[in-house]
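A.B. asks: Handing you this structure, nothing more for now.
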Amino acid sequence: SQIKTSDGKTGWVANKYLKEGSDQPETNNPTEKVTITKAANLRTQPSLSASILRVAQVGESFNKVAESNGWVQIQYSSSQTAWVSKGLTSTEAPSTPGEVTNPTSGLEKKLIVIDPGHGGHDPGAVGQDELEKNLALRTAKLVAAQVESAGGTVLFTRSDDTFISLDGRTKISNASEADAFVSIHYNAGSSSATGIETYYYSARDQELAKYIQESMVQHTNMRDRGAQQANFYVLKHNNKRSVLVELGFVSNPSEEDRIATEQYQQQVSRGIAEGISRYFAATK
């Protein structure tokens, strides 16, 4: 029989050495937990050249599926596994009281409307190299991946470079059964302006904004411009829990360079998803 290994290599083996069964690697303890001890790339295969699904943060915990040549396979979502370097994990119980769990577990069965700002003929803020509309869509898709990997569902107001009016965006949200609405933007100001901020309109949404802002700052170490009230159309006319995030200044050349990196995109998207999750966990 011709077989394919977990790292994509193919070969031949005599049938007498094979047995039929699952194509997933075997493990003697499928419920064993793996805890991330250092920020780690979760990859599609046990190889440094494999595609990165996302960056897992310290303290995240996953079910262990298998182990192979210095890599650990974990259950990434209900239907997908991922690989992480064993040296960045621990199978021992956490040293702090209580079990460490996936910080995005509060997203399970939640429907989140993700609204990438601008689009089409509306570029939004314009930097030296980046357009707000492109950065917003890129971040939105990473947030969506975080939400879906935690068992939630995503509804985009736009998923490509299309212009959607402010009224159209709120109508999409109001017509849905969404648990929350998050509008994603990047900022413009002076060439020295820095930092990230989260806006809300109703007092109902203040706590959601605070959770998201706190988590984003924690993951990015960006300047904290706070969570504050604003009369943005997509918030004021939205009957769902709703916030608008501004994720850095494209008008500041050095900040523009940073927010365009893969590392920052992963960090800030993780912060958004985790903030939403923490809010729902706290309001159960």
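The values are calculated or read from the model by the stated rules, or taken from the named source; none is laboratory data. Please read all numbers here as calculations on a predicted model, not as lab measurements. Cβ placement follows ideal geometry from the backbone for every residue including glycine, while neighbour counts extend to all protein chains displayed. These area figures cover heavy atoms from the full protein model, side chains too; ligands, DNA and RNA do not enter into them. Shrake-Rupley method; radii C 1.70, N 1.55, O 1.52, S 1.80 Å.
A.B. asks: Here are some residues: LYS284, LYS240. Which one is on the phi < 0 side of the Ramachandran plot, assigned to a loop (DSSP other than H, G, I, E, B), touching an Asp or Glu at 6+ places or on another chain (Cβ under 8 Å) and not aliphatic (A, V, I, L, M)?
C.D. replies: On inspection, the qualifying residue turns out to be LYS240.
A.B. asks: Exactly one of (1) open to solvent by 60 Å² or more (accessible area, probe 1.4 Å); (2) touching a strand residue (DSSP E or B) at 6+ places or on another chain (Cβ under 9 Å) is unmet by SER79. Its number?
C.D. replies: Here SER79 meets the rest and fails (2).
A.B. asks: Right, another one. Report, by residue number, each residue of region 243-284 that is more than 15 Å from TYR211 (Cα to Cα), over 16 Å from the mean Cα position of the chain (by Cα) and among the aliphatic types (A, V, I, L, M).
C.D. replies: Result: VAL250, single match.
A.B. asks: Looking at region 253-261, can you tell me whether even one residue there is in contact with a Phe, Trp or Tyr (Cβ under 8 Å, 6 or more places away or on another chain), closer than 25 Å to ALA175 by Cβ and surrounded by 21 or more Cβ atoms within 10 Å (Cβ to Cβ)?
C.D. replies: Checked region 253-261: no residue is in contact with a Phe, Trp or Tyr (Cβ under 8 Å, 6 or more places away or on another chain), closer than 25 Å to ALA175 by Cβ and surrounded by 21 or more Cβ atoms within 10 Å (Cβ to Cβ).
A.B. asks: Could you please give the count of residues in region 25-54 that are open to solvent by 30 Å² or more (accessible area, probe 1.4 Å) and either at pLDDT 75 or above or closer than 17 Å to GLY87 by Cα (or both)?
C.D. replies: Residues meeting the conditions: 14.
A.B. asks: Does at least one position in region 131-138 carry a residue that is farther than 22 Å from LYS110 by Cα, modelled with pLDDT of 95 or more and outside any helix (DSSP H, G or I)?
C.D. replies: Scanning region 131-138, I find at least one residue that is farther than 22 Å from LYS110 by Cα, modelled with pLDDT of 95 or more and outside any helix (DSSP H, G or I), so the answer is yes.
A.B. asks: Just to verify a result, which residue in region 223-242, among those that are of a type outside the set (S, T, N, Q) and closer than 15 Å to LYS210 by Cα, is most open to solvent (accessible area, probe 1.4 Å)?
C.D. replies: Among them, the one singled out is ARG223.
A.B. asks: List the number of the failed condition for SER215; all other conditions in (1) open to solvent by 30 Å² or more (accessible area, probe 1.4 Å); (2) out of contact with any strand residue (DSSP E or B) (no Cβ under 9 Å at 6 or more places or on another chain) hold.
C.D. replies: (1)
A.B. asks: While we're on this one: Of all the residues that make up region 171-199, how many are in a loop (DSSP other than H, G, I, E, B) and closer than 18 Å to LYS110 by Cα?
C.D. replies: Total meeting the criteria: 5.
A.B. asks: Within region 143-160, count every residue that is surrounded by 22 or more Cβ atoms within 10 Å (Cβ to Cβ) and modelled with pLDDT of 95 or more.
C.D. replies: 3
A.B. asks: Assigned to a helix (DSSP H, G or I), without any contact (Cβ under 8 Å) to a residue 12 or more places away in the chain and open to solvent by 20 Å² or more (accessible area, probe 1.4 Å): is that true of LYS210 in this structure?
C.D. replies: No.
A.B. asks: Assuming ARG204 fulfils every condition listed in (1) in contact with a Lys or Arg (Cβ under 8 Å, 6 or more places away or on another chain); (2) in a helix (DSSP H, G or I); (3) surrounded by 21 or more Cβ atoms within 10 Å (Cβ to Cβ); (4) of a type outside the set (Ser, Thr, Tyr) apart from one, which condition is it?
C.D. replies: (3)
A.B. asks: Check region 246-264 and report whether any residue there is over 24 Å from PRO123 (Cβ atoms) and not in a helix (DSSP H, G or I).
C.D. replies: No, region 246-264 contains no residue that is over 24 Å from PRO123 (Cβ atoms) and not in a helix (DSSP H, G or I).
A.B. asks: Next question, about the same structure. Could you tell me whether any residue of region 178-185 is open to solvent by 60 Å² or more (accessible area, probe 1.4 Å), among the charged types (D, E, K, R) and in contact with a strand residue (DSSP E or B) (Cβ under 8 Å, 6 or more places away or on another chain)?
C.D. replies: The answer is no, given that none of the residues of region 178-185 is open to solvent by 60 Å² or more (accessible area, probe 1.4 Å), among the charged types (D, E, K, R) and in contact with a strand residue (DSSP E or B) (Cβ under 8 Å, 6 or more places away or on another chain).
A.B. asks: Residues in region 59-74: is at least one modelled with pLDDT under 75 and either assigned to a loop (DSSP other than H, G, I, E, B) or more than 17 Å from the chain's Cα centre (by Cα) (or both)?
C.D. replies: Within region 59-74, none of the residues are modelled with pLDDT under 75 and either assigned to a loop (DSSP other than H, G, I, E, B) or more than 17 Å from the chain's Cα centre (by Cα) (or both).
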